[in-house]
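*Asks:* Handing you this structure, nothing more for now.
The values are calculated or read from the model by the stated rules, or taken from the named source; none is laboratory data. Values in this document were obtained by computation on a predicted structure and should not be read as measured data. Ideal geometry is used to build each Cβ from the backbone, glycine not excepted, and the neighbour counts take in all protein chains shown. Please note that ligands, DNA and RNA were not included when accessible areas were found on the heavy atoms of the full protein model with its side chains. Shrake-Rupley method; radii C 1.70, N 1.55, O 1.52, S 1.80 Å.
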Amino acid sequence: QVHLVESGGGLVQPGGSQILSCVASGARLVSYVMGWYRQAPGKQRELVATIQDDGTTLYGDSVKGRFTISRDNEKNTVNLAIHSVEPDDTAVYYCNTYPPRELWWGQGTQVTVSS
């Protein structure tokens with residue numbers, strides 16, 4: 001059974017930064033294309049960024065240049081560094097494979113951008 005646990009969220013001031021982390025048990029993340037997703041209140045979950053096993057990354061237009069996805073294969077983690085945050089970045093952030101596996105969704109970590 002695979003468990004993904006996201007952490008690192010919190011209250012962030014506009015323009016600030018945060019590092020989100022996703023640690024896995026029950027699977028080696030290096031074997032998968034991994035992604036970070038987010039769901040804002042009243043909106044559908046959206047893909048934010050992906051990272052392939054060779055380190056190739058892709059970003060959604062709304063976060064390009066501000067967010068950085070990375071992976072640490074030794075620690076079996078996938079991280080998302082968020083910078084220059086804006087109120088529209090307020091959401092619950094999740095990691096999962098890309099495309100996502102329904103049974104792998106974790107609880108997510110809440111990021112709230114507010115002064």
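*Asks:* In the list Gly16, Gly26, Gly106, which residue meets the criterion of being on the phi > 0 side of the Ramachandran plot and not basic (Lys, Arg)? Write out each step before concluding.
*Replies:* Working: Gly16 fails: on the phi > 0 side of the Ramachandran plot; Gly106 fails: on the phi > 0 side of the Ramachandran plot.
Of Gly16, Gly26, Gly106, the one residue that is on the phi > 0 side of the Ramachandran plot and not basic (Lys, Arg) is Gly26.
*Asks:* Among the residues of segment 50-57, is there at least one that is open to solvent by 40 Å² or more (accessible area, probe 1.4 Å), free of Cβ contacts under 8 Å to residues at least 12 places away in the same chain and either out of contact with any Leu (no Cβ under 6 Å at 6 or more places or on another chain) or within 16 Å of Val113 (Cα to Cα) (or both)?
*Replies:* Checking segment 50-57: at least one residue is open to solvent by 40 Å² or more (accessible area, probe 1.4 Å), free of Cβ contacts under 8 Å to residues at least 12 places away in the same chain and either out of contact with any Leu (no Cβ under 6 Å at 6 or more places or on another chain) or within 16 Å of Val113 (Cα to Cα) (or both).
*Asks:* So which residues in segment 58-93 are closer than 24 Å to Ala24 by Cα, open to solvent by 30 Å² or more (accessible area, probe 1.4 Å) and in contact with a helix residue (DSSP H, G or I) (Cβ under 8 Å, 6 or more places away or on another chain), if there are any at all?
*Replies:* Arg71, Asn73
*Asks:* Separate question: Residues of segment 4-31 being under 15 Å from Cys95 (Cβ atoms), open to solvent by 20 Å² or more (accessible area, probe 1.4 Å), modelled with pLDDT of 95 or more and not hydrophobic (A, V, I, L, M, F, W, C), which ones?
*Replies:* Matches in segment 4-31: Ser7, Gly8, Gly9, Gln18, Ser21.
*Asks:* Tell me whether segment 78-86 contains one or more residues that are assigned to a strand (DSSP E or B) and over 10 Å from the mean Cα position of the chain (by Cα).
*Replies:* no
*Asks:* Filter segment 26-67 down to residues that are under 16 Å from Glu86 (Cα atoms) and in a strand (DSSP E or B), then give me how many there are.
*Replies:* 4
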